[in-house]
Amino acid sequence: MTDIQQKTVVVAMSGGVDSSVAALLLKEQGYHCIGITMKLWDYELVGGNVNHESGCCSLDSINDARQVCAKIGIPHYVLNFSREFHESVVDNFITEYLEGKTPNPCVLCNTKIKWQTLIERAQELGADYIATGHYARVVYNAQTQRYELWQGKYKEKDQSYALWGIKQSSLARTLFPLGELTKPEVRDIAEKYGLKTATKKESMEICFVPDNDYRRFLTQVVDGLEEKVKDGELVTVDGETVGQHKGYPFFTIGQRRGLGRGFGKPMYVVETDPQHNRVVIGDEKHLYSTELIARSVNFISIPHARGGVKCLVKIRYKSPAAPATIYSMEGERVRVVFDAPQKAVTPGQSAVFYDGEKVLGGGIIESFKRATEE
């Protein structure tokens, strides 16, 4: 019996094609696989069920995962993590918006649920590893004795940006079977083996806001929110009041829609002020920042950034990485100084640090310095 055949892997099964093929490939390699679907939330609690129970965490998705596991011959279980998910992810999402930030709940879900709660449960099941259908790679560096997170080979689907929060101890127990594959190759494999999920459409929305309407979600879960934040001031970067808005939580940096008309030129949200219920607008030039501060930083491939580290930094999932230097600060914080000003740096989003395809680490954007302030 090979070492692989003696290893047990808990595979996070969402009911989509990626996790289905991840489980299939690991089973083919000889691992003892256990399919786990995490029940994270209920439509009845958060609304927006435009998919009629066909999205993530739905009965349809659970059944799809169960049928895939039956097809490839591995056990399947459903674990209820809804309490942990609401406490760690949904509550944070609400708090961040009320503080005038734009959070990325997928990052927190990966860090707190998939690579903390799930790993703890996997240990209870006697599993050696957990695996997901993310397009990313784990590489062990014998020289530094660190587990490194690398981008997936298929750059169009690379998901390393949302995985920066994984700790060394968790990364050592992680498998990414799709790291070397493209999405078309994954679908071809699923079709070849007759998996039900082969042509299943993937959801791009946040799972607990399936209609992608953040305003509806916030007003539904925060009592009296619209009344509390309505009739706020719309002000320019010079402090001139030029109108009113319907509430600072419903605006994000870089936004143009919902500002009214009559400015004579394009205007953008450049800052939100929750303390005074103000939304600050300005020209496009006011969107550019020369540096930022990130908090809750987790370094992966390097131990720290003392003395300054030259790297590439992504400030949102779809943005290109920009050259910058990062400097360690006290309290799991770093200062990021860009070589050239970057557009729409947004508190609440993630800043992720790269050396080529390798993820050095990341953190949550706390503040920024506007280029026009210098």
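Shown for the chain: the carbon plus sulfur share of the solvent-accessible area, taken with all protein chains present and a 1.4 angstrom probe, equals 47%. Given R₀ = 41 Å, what would the calculated FRET efficiency be for Ser82 paired with Lys265, taking r from the Cβ atoms and rounding to 0.05? Working from the Cβ atoms, E equals 0.30.
If packing is taken as the average number of other Cβ atoms within 10 Å across a peptide's residues, how do 98-110, 140-152 rank, most packed first?
On the way: 98-110: 20.6, 140-152: 15.2.
Descending packing order for the listed peptides: 98-110, 140-152.
The ratio of the alpha-carbon radius of gyration of the stretch 229-282 to the globular-protein estimate 2.2 N^0.38 Å is 0.97.
Which entries of Lys265/Lys343; Lys318/Lys358; Lys71/Lys153 show an alpha-carbon separation above 21 angstrom in the structure shown? Where the Cα-Cα span goes over 21 Å, the pairs concerned are Lys71/Lys153. Accessible surface area normalised per residue over the chain is 47 Å², counting heavy atoms of protein chains with a 1.4 Å rolling probe.
Take every Cα pair under 8 Å whose residues are at least 6 apart in sequence, average their separation, divide by the length of the stretch 68-191, and the relative contact order is 22 percent.
Looking only at Cα atoms, what is the convex hull volume of the chain per residue, in Å³? Provide the component values of the computation, followed by the final result.
Values: hull volume 55.5 nm³, N = 374.
Residue-normalised Cα hull volume stands at 148 Å³.
If I ignore ligands, DNA and RNA and count only protein heavy atoms, how much of Val11 is accessible to a 1.4 Å probe, in Å² to the nearest 10? Only protein atoms counted, so the area is about 0 Å². In summary, the lysines within cross-link reach of Lys201, defined as a Cα separation below 18 angstrom excluding same-chain residues under 8 places away, comprise Lys157, Lys183, Lys192.
Maximal additional length on extending the Asn212-Asp60 stretch stands at 52.7 nm, based on 0.36 nm per residue less the C-alpha distance.
At the residue level, Tyr129 shows approximately 60 square angstrom of accessible surface with a 1.4 angstrom probe and all protein chains present.
Relative contact order for the stretch 229-282: what percent, with Cα pairs under 8 Å and sequence separation of 6 or more? Don't jump to the answer; show the numbers that get you there.
Values: 104 pairs, mean separation 21.3, N = 54.
About 39 percent, as a whole number.
With helices as the sole contributors, the chain gives -5500 deg cm²/dmol at 222 nm; each DSSP H run of n ≥ 4 counts as -39500 (n - 2.57), and the sum is divided by every residue. Candidate cross-link partners of Lys246 among the aspartates and glutamates, defined by an alpha-carbon separation under 19 Å and a same-chain spacing of 8 or more, comprise Glu96, Glu99, Asp213, Asp223, Glu226, Glu227, Asp231, Glu233, Glu271, Asp273. Of all beta bridges that DSSP places with both ends in the chain, some 70 percent have antiparallel geometry.
The values are calculated or read from the model by the stated rules, or taken from the named source; none is laboratory data. As the structure is a prediction and not an experimental result, all values here were calculated from the model. Here the Cβ is made from the backbone with ideal geometry for all residues, glycine too, and neighbour counts use every protein chain on show. Heads up: the accessible areas ignore ligands, DNA and RNA and are worked out on the full protein's heavy atoms, side chains in. Shrake-Rupley method; radii C 1.70, N 1.55, O 1.52, S 1.80 Å.
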